[in-house]
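Undergrad: Pasting a structure below so you can have a look.
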Amino acid sequence: MKSAVTTVVTSADAAGRFPSMSDIEAVRGSFDRAPARMEAAEKLASGLEKLTAEAVDAVYKKGTYDQANKDKCARDINHYLRLINYCLVTGGTGPLDEWGIAGMREVIRAQVLPTAAYIEAFTYIRERVCIPRDMSQQAATEFKGLLDYLINALS
């Protein structure tokens, strides 16, 4: 699984060198942001089901998308939010890259699910985060960064 540490070590190993000072600083930066990531992960984990339901309801109440796909969309949004939670814990995008993004478009197309609905749901979640009600500014920045990463992958 890709994290800040594994990325640095893999890169240095591939180049046949020890990690450079900039590599070490990148890892240190990841460690410095760890408390904010853990806060975001805890908040996300405690409200995962509610957040999923709110996002799906916000998207499907517009009547733009077929209601028959609503349950599949809810299942997938919940799955992707769990992957974002794992990314917050690991400090890297590995869980999303390895278990969520690779092949994601094909799965969505095969199930005839509208990609735009997912983008709308994750955008809703990103905009819904309230500081300080939901989490601190730093935690929100970490969480929203991963949401943006996923939204861009879906686009």
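Undergrad: For the chain, state the average projected area of the convex hull of the C-alpha atoms over all orientations, rounded to one decimal in nm².
TA: Averaged projected area of the chain's Cα convex hull equals 9.6 nm².
Undergrad: I'd like to know which of Q137, A74, A153 lies farthest towards the positive end of the charge dipole of segment 34-154, counting +1 on Cβ of Lys and Arg and -1 on Cβ of Asp and Glu.
TA: Farthest towards the positive pole: A74.
Undergrad: Arrange C130, C87 by Cβ neighbour counts within 10 Å, fewest through most, would you?
TA: If I rank by nearby Cβ atoms, fewest first, I get C130, C87.
Undergrad: Still on this model: Taking 30 Å as R0, compute the FRET efficiency from the Cβ-Cβ separation of S22 and D134 and round it to 0.05.
TA: 0.35
Undergrad: With +1 on the Cβ of every Lys and Arg and -1 on the Cβ of every Asp and Glu, and nothing else charged, how large is the dipole of the chain about its Cα centre, in debye rounded to the nearest 20?
TA: So the dipole magnitude of the chain works out to roughly 240 debye.
Undergrad: Hey, which of these cross-link pairs are over 24 Å Cα-Cα: K2/K70; K2/K72; K50/K70?
TA: K2/K70; K2/K72
Undergrad: Over what distance in Å are the Cα centres of segment 95-155 and segment 16-78 separated?
TA: 6
Undergrad: Sticking with this one: Among the aspartates and glutamates, select those whose C-alpha is under 15 Å from the C-alpha of K61, and discard any that sit fewer than 8 residues away in the same chain.
TA: D71, E120
Just so you know, all these numbers are worked out from the coordinates, no wet-lab data involved. Predicted, not measured: the structure shown is a model, and the values here were computed from it. Backbone-built Cβ (ideal geometry, glycine too); neighbour counts: all protein chains shown.
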